[in-house]
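The values are calculated or read from the model by the stated rules, or taken from the named source; none is laboratory data. Quantities reported herein were computed from a predicted structural model and do not represent experimental measurements. Ideal geometry is used to build each Cβ from the backbone, glycine not excepted, and the neighbour counts take in all protein chains shown.
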Ligand SMILES: [Fe+2]
């Protein structure tokens, strides 16, 4: 991907204004991931450079996509440890908000987490389950809510300090400040049954977030989801 000078400059502005926020508000796993990927603040990265560093760590790869992809294909990629990554850089008038993913959301928000073994295993096993169940509306709704409240907007209790790891939080200045500091946010301990039953809204700051203690907890939650789905427990059958 060849980016223009203006696109590199937008990446740089996004990166440089998030960096101090990441340092104070991101989980150590995210910060370790940033260091492992060795992203250059001044240049929109190439996915092949990223993948050279990422693949040996967890087998994950960032693969370039234009934008929308059917959900079942997205999940199949996750199962194969391929993260569909939008390579388009947002426009200058979208610095603070943009409804769809772009290079910054996907690469700076998601990909650092894929350097962590437990997180990567969680994402791959989530993908396998979601692919398998994609045509079951009730299950896929529950899985979408799980994804939203963890992968996209998850918070973590790091030894008594609240940190963030979700990509929607890590890639947005306003959302990160809001998620960690706003008194409007209800921060609840992660509870799988509650999470999969809680609707979300996509076009506003999140006022309810869930806090995990570890990524092992997320990995176990996906395992639990799989056995609940397979056993057709009431939260999935509506009975
Ligand atoms: Fe995302």
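Within the range 142-179, count every residue that is farther than 19 Å from residue 100 by Cα and surrounded by fewer than 20 Cβ atoms within 10 Å (Cβ to Cβ).
8
For the range 1-75, list the helices (runs of 4 or more DSSP H) that sit wholly inside it and hold at least 2 residues that are over 21 Å from residue 96 (Cα atoms), touching a residue at least 40 places away in the same chain (Cβ under 8 Å) and under 20 Å from the mean Cα position of the chain (by Cα); which are they?
The helices (runs of 4 or more DSSP H) meeting that bar are 28-37, 47-58.
Just for helices (runs of 4 or more DSSP H) wholly inside the range 130-216: which have at least 2 residues that are within 16 Å of the ligand (Cβ to nearest atom)?
137-147, 167-170, 173-181
Kindly establish whether residue 130 is under 17 Å from the mean Cα position of the chain (by Cα), buried (at least 23 other Cβ atoms within 10 Å of the Cβ), more than 17 Å from residue 168 (Cβ to Cβ) and modelled with pLDDT of 95 or more.
Numbers: under 17 Å from the mean Cα position of the chain (by Cα): yes; buried (at least 23 other Cβ atoms within 10 Å of the Cβ): yes; more than 17 Å from residue 168 (Cβ to Cβ): yes; modelled with pLDDT of 95 or more: yes.
Yes.
Only one of these is closer than 10 Å to residue 209 by Cβ and touching a helix residue (DSSP H, G or I) at 6+ places or on another chain (Cβ under 8 Å): 155, 192, 176, 143. Name it.
155
Which ones in the range 195-224 are under 17 Å from residue 177 (Cα atoms), touching a residue at least 12 places away in the same chain (Cβ under 8 Å) and out of contact with any helix residue (DSSP H, G or I) (no Cβ under 9 Å at 6 or more places or on another chain)? Step through it out loud before you land on a result.
Of all residues in the range 195-224, those under 17 Å from residue 177 (Cα atoms) come to 203-211.
Among the residues that remain, those that are also touching a residue at least 12 places away in the same chain (Cβ under 8 Å) are: 203, 205-211.
Of everything in the range 195-224, those that are under 17 Å from residue 177 (Cα atoms), touching a residue at least 12 places away in the same chain (Cβ under 8 Å) and out of contact with any helix residue (DSSP H, G or I) (no Cβ under 9 Å at 6 or more places or on another chain) turn out to be 203, 211.
Evaluate the following for residue 120: is it out of contact with any strand residue (DSSP E or B) (no Cβ under 6 Å at 6 or more places or on another chain), touching a residue at least 12 places away in the same chain (Cβ under 8 Å) and within 16 Å of the ligand (Cβ to nearest atom)?
For residue 120, the condition - out of contact with any strand residue (DSSP E or B) (no Cβ under 6 Å at 6 or more places or on another chain), touching a residue at least 12 places away in the same chain (Cβ under 8 Å) and within 16 Å of the ligand (Cβ to nearest atom) - is met.
Of everything in the range 74-89, what is in contact with a strand residue (DSSP E or B) (Cβ under 7 Å, 6 or more places away or on another chain) and away from the ligand (no atom under 12 Å from the Cβ)? Give them in sequence order.
Within the range 74-89, 77, 81, 82, 87 meet the criteria.
Look at residue 108 and say whether it is surrounded by 15 or more Cβ atoms within 10 Å (Cβ to Cβ), within 14 Å of the ligand (Cβ to nearest atom) and in contact (Cβ under 8 Å) with a residue 60 or more places away in the chain.
Yes.
Do we have residue 113 as within 11 Å of the ligand (Cβ to nearest atom), touching a residue at least 40 places away in the same chain (Cβ under 8 Å) and either within 19 Å of residue 20 (Cα to Cα) or not in a helix (DSSP H, G or I) (or both) here? Please lay out each step first, then the result.
Details: within 11 Å of the ligand (Cβ to nearest atom): yes; touching a residue at least 40 places away in the same chain (Cβ under 8 Å): yes; either within 19 Å of residue 20 (Cα to Cα) or not in a helix (DSSP H, G or I) (or both): yes.
Here the answer is yes, as residue 113 does meet what is asked.
For the range 90-105, which positions are within 16 Å of the ligand (Cβ to nearest atom) and part of a loop (DSSP other than H, G, I, E, B)?
In the first step, residues of the range 90-105 are kept if they are within 16 Å of the ligand (Cβ to nearest atom); the result is 90, 94, 97-105.
Passing the criteria: 90, 97, 98, 99, 100, 101, 102.
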